[in-house]
Amino acid sequence: MKRILIACGNGIATSTVVATKVKEYLTSQGVQVDTTQTKLMEVPSKVQDYDLLITTGEFEGQTGDVPVVKGMPILIGMGAEQTMEEILNYVK
């Protein structure tokens, strides 16, 4: 099972929305994932344990080999489908 870290400013509001939508989409595609929400400032100390990082805010930190997807399109709806496909490609 792939693990996805989802980060927003406070690790509560927007990351919850994105986590829910991502999990629903991936489940509909037959992919089971485990999602964890966190604050953007906590990403550097946590990201190494995950297969993918999705952010809803500006993040310029280091993630090692963990790919990063900008999750704002999932919140606003514009470009959400392409973003979901990008996420799917990373976790397949």
field: Dipole magnitude of segment 2-91 about its Cα centre (Cβ charges: Lys, Arg +1; Asp, Glu -1), debye to nearest 20
entry: 220
- request: Could you go through segment 29-39 in sequence order and give the Karplus-derived ³J(HN,Hα) for each residue, using 6.51 cos²θ - 1.76 cosθ + 1.60 with θ = phi - 60°, rounded to whole Hz, and x for Gly and Pro?
  value: 9, x, 10, 9, 9, 10, 10, 9, 9, 7, 7
task: Give the relative contact order (percent, whole number) for the chain; include only Cα pairs under 8 Å separated by 6+ residues.
output: 32
task: Would you mind putting 66-75, 83-92 in packing order, based on average other-beta-carbon counts within 10 Å, highest first?
output: 66-75, 83-92
field: Unit charges at the beta carbon, dipole of segment 2-91: most positive-side option, 91, 45, 64
entry: 45
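Laboratory data are not the source of any read-out in this text; all were calculated from the coordinates shown. Keep in mind the model is a prediction, meaning the values are calculated, not measured. Note: ideal-geometry Cβ built from the backbone for every residue, glycine included; neighbour counts use all protein chains shown.
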